[in-house]
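The values are calculated or read from the model by the stated rules, or taken from the named source; none is laboratory data. All values reported here derive from a predicted model rather than from experimental measurement. So basically every Cβ, Gly included, is an ideal-geometry build from the backbone, and we count neighbours across all protein chains shown. When the accessible area is computed, the model is the full protein with side chains, heavy atoms only, and any ligands, DNA or RNA have been set aside. Shrake-Rupley method; radii C 1.70, N 1.55, O 1.52, S 1.80 Å.
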Amino acid sequence: MNFDISTFERCKIIVVGDLMIDEYLWGTVDRISPEAPVPVVSAERDSYMLGGAGNVINNLVSLGARVSVASVVGTGANADILLKNFADIKVDTSGLIRDPNRPTTKKTRIIAANQQVLRIDRETTRPITKDAVSHICNFLEKHISEYHAILFSDYGKGLLSPDLMKRLIDLANRHNKPTLVDPKGLDFRKYAGAAIITPNKKEASLAAGIEIKDTESLMAAGEKLLADIPVRNVLITCGKDGMALFEGENPPYMISAKTRQVFDVSGAGDTVLAVLGIAVASGLPLTEGAALANIAAGIVVGKVGTAPIEKGEFHEALNTSEKRPVSKLKDLAALTHLANTLKAEEKTMVLTNGCFDLLHAGHIRFLAKAKAMGDVLIVALDTDESVRSLKGRGRPILDEKERVQIISALDSVDYVTVFSSDKLFELLKTLRPDILTKGSNYTNETVRGHEIIEQLGGRIELVPITEEISSTRIINQIKNS
């Protein structure tokens, strides 16, 4: 699909919805509790992600949009985590209300042995106060001219009441602002007047009172929702079966899903709402926006947890054909999600780092042996500035873009990242590789970062080097000739 996603950067969007923190507790299981027939999880680490409407926001920011949020949270530590996360990604939180009598929703997922073992929810579903409703309405009325679209993320936690929905949708319609809703519950009539709702197949079945089991029942459910609510458009997401868009008098528009390995479907609906919303805000027709959302959803279901769509990988997916392979270059954010996936799949991650300036046969053999140590090999290339500080003036011979292209062409290499050598410890702590490998011209003790790797439960592996070959020697040979 030919589309320039840089147009997303011109969009300003407000998200109104239920915010939550998604906590992931990662561990291993090697025994059953003697107290009850349940697994004992040895906790290794935990991580936090923006969940619910926060994941919609995370997706929008990742794609380049400027985002505001209007919602209600508590005043405790979980709310502080939310606010810090929003500050980190530069989200406008002036429409956020902190209610000391209301907890911030937190969902804790315990993951071990490649699956979710248990989920613990801490939340309330009671309606927000009248004062909070008035505050949100007043905030939106004051700032509505600034936004290109309004997105509603309803998780049924008491924020989006019928009264608040009606007031905000009416306000948006008076100002000709598109409203997109990810709905919840059995009665979608509270979303009347919205530009589009995006239920999944199960939600659409329950709301329409029609079991969706084939194309015919899907068509019937979509048409019934369109007639009964009423809203202008309905997009039903059907997982591996793609999507169906219902637009008023137009015939239903079917979109086939791209075949991908599905690892975790949590957050896919958030991605659909975000991508469709930013596409509409950019002025794209709904059919094109739905197609973009379908591609994005296909990417995020291959990740662990509520991971947002990354701008680079989305751009690659839009422009990839059979003749143009997807780039192996990943930034630290993308590699972090990849590392979580690999850990959950119990795959061995191998990392090596270096300059790799003027690739030679010794490099090729080294990387092939490194790959054989595990399932995935990540090569961390020093930036040009790092190479210059390590090797001196005149280096690197090849700049980092060329070195990335050359390394990426090797079958033994799965992913490539570029980093500054002074950030090595941060890279190791974030990715937590199982193996850090270097050549046998090092010892375990002289490998930078060996202490961190060993503390994290990984190990150092040295690849035997039997030939005296190096980029520096080749360069000197050329100079002397």
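May I ask you to verify whether residue 386 is small (Gly, Ala, Ser), touching a helix residue (DSSP H, G or I) at 6+ places or on another chain (Cβ under 8 Å) and over 27 Å from residue 44 (Cβ atoms)?
For residue 386, the condition - small (Gly, Ala, Ser), touching a helix residue (DSSP H, G or I) at 6+ places or on another chain (Cβ under 8 Å) and over 27 Å from residue 44 (Cβ atoms) - is met.
Please work out which residue is farthest from residue 180 (Cα to Cα), limiting yourself to region 190-207 and to residues that are open to solvent by 10 Å² or more (accessible area, probe 1.4 Å) and of a type in the set (A, V, I, L, M).
Going through the qualifying residues, I end up with 206.
Taking region 142-187 as the region of interest, how many residues are acidic (Asp, Glu), surrounded by fewer than 20 Cβ atoms within 10 Å (Cβ to Cβ) and within 25 Å of residue 59 (Cα to Cα)?
Result for region 142-187: 1.
Would you be able to tell me the number of residues in region 362-391 that are of a type in the set (Val, Ile, Thr) and within 29 Å of the chain's Cα centre (by Cα)?
4
Condition test on residue 53, is it closer than 19 Å to residue 151 by Cα and in contact with a strand residue (DSSP E or B) (Cβ under 9 Å, 6 or more places away or on another chain)?
Taking the combined requirement at face value, the residue satisfies it.
Residues that are surrounded by fewer than 19 Cβ atoms within 10 Å (Cβ to Cβ) and of a type in the set (Phe, Trp, Tyr): which helices (runs of 4 or more DSSP H) entirely in region 334-431 hold 1 or more of them?
Filter on region 334-431 gives 424-431.
Hey, any hits in region 452-464 for a residue that's surrounded by 14 or more Cβ atoms within 10 Å (Cβ to Cβ) and in contact with a Gly (Cβ under 8 Å, 6 or more places away or on another chain)?
yes
Go through region 97-121 and count every residue that is surrounded by 14 or more Cβ atoms within 10 Å (Cβ to Cβ), free of Cβ contacts under 8 Å to residues at least 40 places away in the same chain and not polar (S, T, N, Q).
Going through region 97-121 one residue at a time, the tally reaches 5.
Restricting attention to region 8-49, and to residues there that are part of a loop (DSSP other than H, G, I, E, B) and in contact with a helix residue (DSSP H, G or I) (Cβ under 9 Å, 6 or more places away or on another chain), which single residue is surrounded by the most Cβ atoms within 10 Å (Cβ to Cβ)?
18
Counting only residues that are of a type in the set (D, E, K, R) and farther than 25 Å from residue 281 by Cβ, which one in region 65-96 is surrounded by the fewest Cβ atoms within 10 Å (Cβ to Cβ)?
Taking the candidates together, the pick is 84.
Are there any pairs with C-beta distances below 9 angstrom linking a residue in region 374-400 that is on the phi > 0 side of the Ramachandran plot to a residue that is surrounded by fewer than 21 Cβ atoms within 10 Å (Cβ to Cβ), with the two at least 6 apart or on different chains, and if so which?
Partner pairs satisfying both residue conditions: 394/388; 394/475.
If you go through region 214-221 one residue at a time, do you hit one that is more than 29 Å from the chain's Cα centre (by Cα) and within 22 Å of residue 190 (Cβ to Cβ)?
Within region 214-221 (the criterion being more than 29 Å from the chain's Cα centre (by Cα) and within 22 Å of residue 190 (Cβ to Cβ)), the answer is yes, since at least one residue qualifies.
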